[in-house]
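So the structure is just underneath, and the comments pick up after that.
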Amino acid sequence: LASVAVLQDQKPAAAVMTDAPMTVRVSAQFQDAVTDPHVGFQVRDTRGEVLYRAHTHGLGAVLGDASAGDVIEVDFSFAPDLMPGDYTLTVGIGAGGKAAGALAHSLLRHQDVVSFSVIRAAEDDFWDGVVNLRPQVMCRRLPEADPG
């Protein structure tokens, strides 16, 4: 594994705002040839609970076989719709995509390799929980029921 970075607005960030997409960038240099490699990441909270986990195979991305010395860079970009607070990233490399998003082999895993904070943007709605579902709210007043 060469490096892991959290970016916002294409710049390294120790803290990200909830009003702009963030990117987890994973760079990997392969020591040996690997057939059908895949890169993944997970976001964990301060209690160590996994809030999200995915990898390139499960997301439908194909990296192609890697030769010894090859460097592959993968960007995972998403809205940081998490409760303001502190989080860590765990990253891994596997090989051999199988049915239902599974991988045949785990090659490398770096637990809690990067930490970052989420900060609520000033214009964000107030909510509580782990993830912001960003619901659409529609209110209406119903006519009074006829008592007879």
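The values are calculated or read from the model by the stated rules, or taken from the named source; none is laboratory data. Everything numeric in this text was worked out from a predicted model, so none of it was measured. Quick reminder, even Gly has a Cβ in these numbers, built from the backbone with ideal geometry, and neighbours come from all protein chains shown. Please note that ligands, DNA and RNA were not included when accessible areas were found on the heavy atoms of the full protein model with its side chains. Shrake-Rupley method; radii C 1.70, N 1.55, O 1.52, S 1.80 Å.
Residues considered: L59, L82, L108. Of these, the only one that is of a type in the set (A, V, I, L, M) and more than 15 Å from the chain's Cα centre (by Cα) is L108. Just one residue in the set P12, P37 is in contact with a strand residue (DSSP E or B) (Cβ under 6 Å, 6 or more places away or on another chain) and under 15 Å from L108 (Cβ atoms); that residue is P37. V113 meets each of the listed conditions (1) within 18 Å of the chain's Cα centre (by Cα); (2) open to solvent by less than 30 Å² (accessible area, probe 1.4 Å) apart from (2). Looking only at the stretch 6-37, count how many residues are open to solvent by 30 Å² or more (accessible area, probe 1.4 Å), in a strand (DSSP E or B) and either more than 11 Å from V71 (Cα to Cα) or free of Cβ contacts under 8 Å to residues at least 12 places away in the same chain (or both). Matching residues across the stretch 6-37 total 5. If only residues of the stretch 75-109 that are hydroxyl-bearing (S, T, Y) and open to solvent by 40 Å² or more (accessible area, probe 1.4 Å) are counted, the one that is modelled with the lowest pLDDT is S106. Only residues that are open to solvent by less than 100 Å² (accessible area, probe 1.4 Å), more than 17 Å from the chain's Cα centre (by Cα) and in contact (Cβ under 8 Å) with a residue 60 or more places away in the chain were counted across the stretch 123-148, and they come to 1.
The number of residues in the stretch 38-74 that are over 16 Å from V113 (Cβ atoms), in contact with a Ser or Thr (Cβ under 8 Å, 6 or more places away or on another chain) and open to solvent by 40 Å² or more (accessible area, probe 1.4 Å) comes to 4. Would you check which residues across the stretch 1-27 are modelled with pLDDT of 95 or more, closer than 17 Å to E73 by Cα and of a type in the set (A, V, I, L, M, F, W, C) and list them? Of everything in the stretch 1-27, those that are modelled with pLDDT of 95 or more, closer than 17 Å to E73 by Cα and of a type in the set (A, V, I, L, M, F, W, C) turn out to be V4, A5, V6, L7, M22, V24, V26.
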